[in-house]
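Q: First the structure, which I've put down as structure tokens, then a few questions once you've had a look.
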Amino acid sequence: QYEKLGTSLLELFDHIKAGGNMLVLCPPEPDTYLKLVSDKMGIRDVGATRYRVEGLRFKSGFMIGGKDRDIEVSDPFDSALSVTLEEGAAVHIVSADDKEMPLLWEYAYGDGKVVFYNLNFFEKVYRGFYCAAYSLLSDVCVWPVINGSAFYIDDFPSPVPAGEGEFIQRDYHMDIKTFYTNVWWPDIEELWKKHGIRYTGLVIEDYSDENQAPFEGNDDLQRFRYFGNKLLDDGGEIGFHGYNHMPLVPEDFDYKNQFDTYRQWKSREDMRLSIEELNRFCTWLFPKEKFQVYVPPSNILSEEGRQILVEDFPQIRAIASIYFPGEFEYSQDFMVSEDGMIETPRIISGYIIGSYMETGAISELNFHYVNSHFQHPDDVLDTDRGAQEGWEKLKNRLTEYTDWLYESAPDIRNLTGSEMAGAVQRYYYLEPRITRQENEIHISLSNFSDEAWLFTRINEGLLESVEGGTAVETADGLYLLKAESSELVLKLTEQTGGD
Ligand SMILES: [Zn+2]
């Protein structure tokens with residue numbers, strides 16, 4: 001409600017005119033005050049009613065993975081202002097329909113700039129969209145990124161997952177066990193061959209519902225050895241999922257009657273002993289491996305469970321749960337927690353990558369330059385996860401995703417779970433300081449260790465050379481910068497023929 005700003009609204013625009021920048025995060029009310037300044041933001045006309053945006057269409061290549069692409073909006077509502085723009089407005093995103101309502105544009109006002117987001121969606125899944133818009137403001141914008149792509153396979157290796165093999169029988173005329181060995185794994189391995197994906201498999205020792213020590217354990221080792229060694233031979237890694245699939249929650253944890261088949265652990269000690277049994281089992285199978293990554297069963301982890309991991313299993317350096325918040329799930333940001341645990345959330349999952357996940361994937365490529373995906377072998381058995389479509393279709397959908405990912409971000413590094421943890425650690429502690437001297441940008445990095453990755457968006461001028469590192473253009477005006485020293489100098493030349 002610009003009305004609330006009163007006359008200070010005009011002062012604000014004087015400031016922009018003199019060289020300031022403004023990001024409009026949220027479309028304001030179309031009141032008379034907005035109309036007073038709308039021409040200064042590139043708006044010729046504002047309608048009285050809001051526009052329902054059902055999809056996003058990229059009109060420029062300013063974001064990685066966006067070019068020539070429409071993405072569906074999951075929960076559309078009358079969100080955007082109905083606007084027509086001035087000639088000079090540079091439009092980046094519009095609604096994906098005949099009308100092509102402008103949703104993101106930039107407009108030069110005097111010596112300054114306005115970037116206007118007419119989007120009005122504020123879920124975590126849009127973070128990278130706002131980050132990209134913010135980076136359009138000043139001449140140069142620099143921020144640390146992770147630069148990593150990780151694929152996790154939950155419940156793998158594990159005993160043959162329970163579940164009806166109805167669709168496997170229908171399409172392949174074989175039992176589940178044979179299907180995993182002869183069809184599913186070779187197909188999954190294809191993606192490693194094609195893109196260099198390095199899988200992190202998360203072990204479940206036994207699908208029992210024991211919730212109290214002593215544990216029976218599993219002595220059927222053949223399957224674990226077979227798949228585990230295949231995974232390791234392909235440059236992958238093995239981490240912990242659980243002794244069984246019961247989340248590490250104590251008896252008083254409230255599942256709100258939603259997980260009827262889950263049993264809760266009798267005591268803290270039983271939780272601890274279950275991980276100890278898993279550790280014994282994994283060490284026996286893979287004596288050379290270090291198990292550094294923990295994925296909570298069903299992405300649920302209690303405070304007590306987390307504490308056990310931190311205090312009793314110091315070899316576990318990272319928890320890989322999920323990025324987007326849910327009702328019960330342990331949701332995370334990419335960071336190092338105060339107790340030293342590295343939080344490496346997974347962003348998307350499964351074989352049916354819908355519009356919400358597509359949005360999240362683009363968003364995070366542009367924010368952290370990260371991809372993090374998990375799948376389960378038993379996704380092919382579960383009708384909620386698309387089983388009836390048949391494996392061929394599910395596989396093609398995942399392949400479509402990976403093709404898009406590596407085409408959009410060919411320079412992204414394939415990492416295992418523990419390598420992702422290392423990358424998050426470096427990213428999290430890195431603090432860049434930027435100074436500009438005429439045609440040079442000096443970047444000073446605090447907490448630089450061996451290497452660092454940054455995004456640099458250059459809005460004025462062209463990048464001519466980099467001292468102290470290398471740069472590749474990943475989207476229009478957006479460079480992936482590899483720092484090999486704590487001091488970098490970017491030399492720019494003036495843009496010719498541009499603005
Ligand atoms: Zn699982």
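The values are calculated or read from the model by the stated rules, or taken from the named source; none is laboratory data. Because the structure is a prediction, the values reported are computed rather than measured. Because the Cβ atoms are built from the backbone with ideal geometry, glycine has one as well, and the counts that use them run over all protein chains shown. Calculation scope for accessible area: heavy atoms of the full protein, side chains included, ligands and nucleic acids excluded. Shrake-Rupley method; radii C 1.70, N 1.55, O 1.52, S 1.80 Å.
Q: How high is the relative contact order of the stretch 259-371, given as a whole-number percent (alpha carbon pairs under 8 Å, six or more residues apart)? Could you put the intermediate results ahead of the total?
A: Details: 117 pairs, mean separation 19.3, N = 113.
Reported relative contact order: 17 percent.
Q: How high is the relative contact order of the chain? Use alpha-carbon pairs under 8 Å, at least six apart in sequence, and give a whole percent.
A: Numbers: 1040 pairs, mean separation 80.2, N = 499.
About 16 percent, as a whole number.
Q: Tally Lys and Arg at +1 and Asp and Glu at -1 over the other residues with C-beta under 14 Å from the C-beta of Ser486: what net charge comes out?
A: On the way: positive: Arg426, Arg433, Lys482; negative: Glu431, Asp450, Glu451, Glu467, Glu484, Glu487.
Once positives and negatives cancel, what remains is -3.
Q: So, one more: For the stretch 422-475 and the stretch 37-108, what is the centre-to-centre distance using only Cα atoms, to the nearest Å?
A: The two parts, judged by their Cα centres, are 30 Å apart.
Q: May I ask for the angle, rounded to the nearest 10°, between helix 355-367 and the longest principal axis of the chain, with both axes built from Cα atoms and the value confined to 0 to 90°?
A: Its long axis makes an angle of about 70 degrees.
Q: At 222 nm, what helix-only mean residue ellipticity would the chain give, in deg cm²/dmol to the nearest 500, using -39500 (n - 2.57) for each DSSP H run of four or more? Don't skip to the answer; put the middle values down first.
A: On the way: 12 runs with 130 residues, N = 499.
Taken over the chain, the calculation gives -8000 deg cm²/dmol.
Q: Hand me the trypsin sites (Lys or Arg not before Pro) from the stretch 151-259 located in a DSSP loop with no more than 10 other Cβ atoms within 10 Å, in residue order please. Walk me through the numbers before you get to the answer.
A: On the way: sites: Arg170, Lys177, Lys193, Lys194, Arg198, Arg223, Arg225, Lys230, Lys256; in loops: Arg198, Lys256.
Passing sites in the stretch 151-259 are Lys256.
Q: Pop out the carbon and sulfur fraction of the accessible area of the stretch 48-181 as a percent, whole number, probe 1.4 Å. Each step should come with its number before you reach the end.
A: Working: 2530 of 5310 Å².
Within the stretch 48-181, the accessible surface is 48 percent carbon and sulfur.
Q: Leaving out ligands and nucleic acids, note down the accessible area per residue over the chain with a 1.4 angstrom probe, in whole Å². Numbers along the way, then the final one.
A: Values: 21510 Å² over 499 residues.
Result: 43 Å² of accessible area for each residue.
Q: For the stretch 15-85, state which chymotrypsin sites (Phe, Trp or Tyr not before Pro) are in a DSSP loop and have at most 13 other beta carbons lying within 10 Å of their beta carbon. List each step's numbers first, then the result.
A: Values: sites: Tyr33, Tyr51, Phe58, Phe62, Phe77; in loops: Phe62, Phe77.
Sparse-neighbourhood loop chymotrypsin sites (Phe, Trp or Tyr not before Pro): Phe77.
Q: If you take the beta carbon distance between Thr181 and Asp260 as r and set R0 to 35 Å, what does 1/(1 + (r/R0)^6) give as a FRET efficiency, to the nearest 0.05? Mind showing how you got there, number by number?
A: On the way: r = 32 Å, r/R0 = 0.91.
Computed FRET efficiency for Thr181 and Asp260 comes out at 0.65.
Q: Right, here's the next one. How big is the shadow of the Cα convex hull of the stretch 148-424, averaged over all directions, in nm²?
A: Numbers: hull surface 54.8 nm².
Its Cα hull, projected and averaged over all orientations, spans 13.7 nm².
Q: Could you give P(r) for the stretch 2-122, binned at 5 Å from zero, as whole percent values over all Cα-Cα pairs?
A: 2, 11, 21, 24, 20, 12, 7, 3, 0
Q: Can you give the net charge of the other residues whose Cβ lies under 10 Å from the Cβ of Ile238, counting K and R as +1 and D and E as -1?
A: Details: positive: Lys290; negative: Glu237, Glu289.
Neighbour charge sum, excluding Ile238 itself: -1.
Q: Are there any trypsin sites (Lys or Arg not before Pro) in the stretch 278-341 that are in a DSSP loop and have at most 13 other Cβ atoms within 10 Å? List them by number.
A: Details: sites: Arg280, Lys288, Lys290, Arg306, Arg317; in loops: Lys288, Lys290, Arg317.
For trypsin sites (Lys or Arg not before Pro) across the stretch 278-341 that sit outside H, G, I, E and B with at most 13 neighbouring Cβ atoms in 10 Å, the list reads Lys288.
Q: As an exercise, take the mean of 1/r over every pair of distinct alpha carbons in the stretch 190-229, invert it, and state the Kirkwood radius in angstroms. The partial results should precede the final answer.
A: Details: mean 1/r = 0.0780 Å⁻¹.
This gives a value of 12.8 Å.
Q: Another one. What number in nm² do you get for the chain if you take the convex hull of its Cα atoms and divide its surface by four? Can you show the working numbers first?
A: Working: hull surface 103.8 nm².
Spelled out: convex hull of the Cα atoms, projected over all directions, averaged, 25.9 nm².
Q: Nearest 10 degrees, 0 to 90: what angle lies between the long axis of helix 185-195 and the longest principal axis of the chain (Cα atoms)?
A: That helix lies at roughly 30 degrees to the long axis.
Q: For Glu251 and Ser331, what does the FRET efficiency come to when R0 = 22 Å and r is the distance between their Cβ atoms, rounded to the nearest 0.05? Before the final figure, lay out the partial values.
A: Values: r = 23 Å, r/R0 = 1.06.
Between Glu251 and Ser331 the formula returns 0.40.
Q: Sticking with this structure for a sec: If you take the beta carbon distance between Asp78 and Lys4 as r and set R0 to 22 Å, what does 1/(1 + (r/R0)^6) give as a FRET efficiency, to the nearest 0.05? Display every interim value, and only then the final one.
A: Values: r = 22 Å, r/R0 = 1.00.
Calculated value: 0.50.
Q: Using alpha carbons only, how many degrees (0 to 90, rounded to 10) separate the axis of helix 268-285 from the longest principal axis of the chain?
A: That helix lies at roughly 80 degrees to the long axis.
Q: Pairs of Cα atoms under 8 Å, at least six residues apart: use those to get the relative contact order of the stretch 422-499, whole percent.
A: Contact order relative to length: 33 percent.
Q: Same structure again: Counting Lys +1, Arg +1, Asp -1, Glu -1, what net charge surrounds Glu86 among other residues with beta carbon under 11 Å of its beta carbon?
A: On the way: positive: Lys40, Arg44; negative: Asp39, Asp45, Glu87.
So the environment of Glu86 carries a net charge of -1.
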